[in-house]
1. Dipole of the range 16-97, Cα-centred, from +1 at each Lys and Arg C-beta and -1 at each Asp and Glu C-beta, to the nearest 20 debye?
2. Taking H placed 1.01 Å from N in the peptide plane, check which residues at least 5 places from Ile73 or on another chain put their amide H under 5 Å from its amide H.
3. Tell me the Kirkwood radius of the range 16-97: reciprocal of the mean inverse pair distance over distinct alpha-carbon atoms, in Å.
Amino acid sequence: MLLAGWWVNAYKNVSEETSDRIKKEVGMEFIATTITEHIQHEAEIRGEIKGRIKGKIEGKIEQLEDIYLQGIISKKQFEAMAEPLRLELAELVEKDQEPGTESRKDH
């Protein structure tokens, strides 16, 4: 307990400028001071990653739709290329809806 108290006091004495420089140097987006903060930060990071992946998949489907509408590929080719992307997107959305996978920003 004494060690934890010492660490917290030492952390409080670090200037924000120094803290920002350290975070940048070690590639840390967040420095959690509690376990709860750590869990919240991890959930936010996972959510951002899932959001980026979802956006990329949706973008690929839109690109395929654009080249289909331009007549570059046939409807059959479009469906063959878009279907695996739709399945991947559905799996990602399904995982987000499973109990215990959502981030708890209200706590």
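1. 360
2. Tyr68
3. 15.7
Read the figures in this text as sums done on the coordinates, not as results from a lab. What you see is a predicted model; the values in this text were computed from it and never measured. Ideal geometry is used to build each Cβ from the backbone, glycine not excepted, and the neighbour counts take in all protein chains shown.
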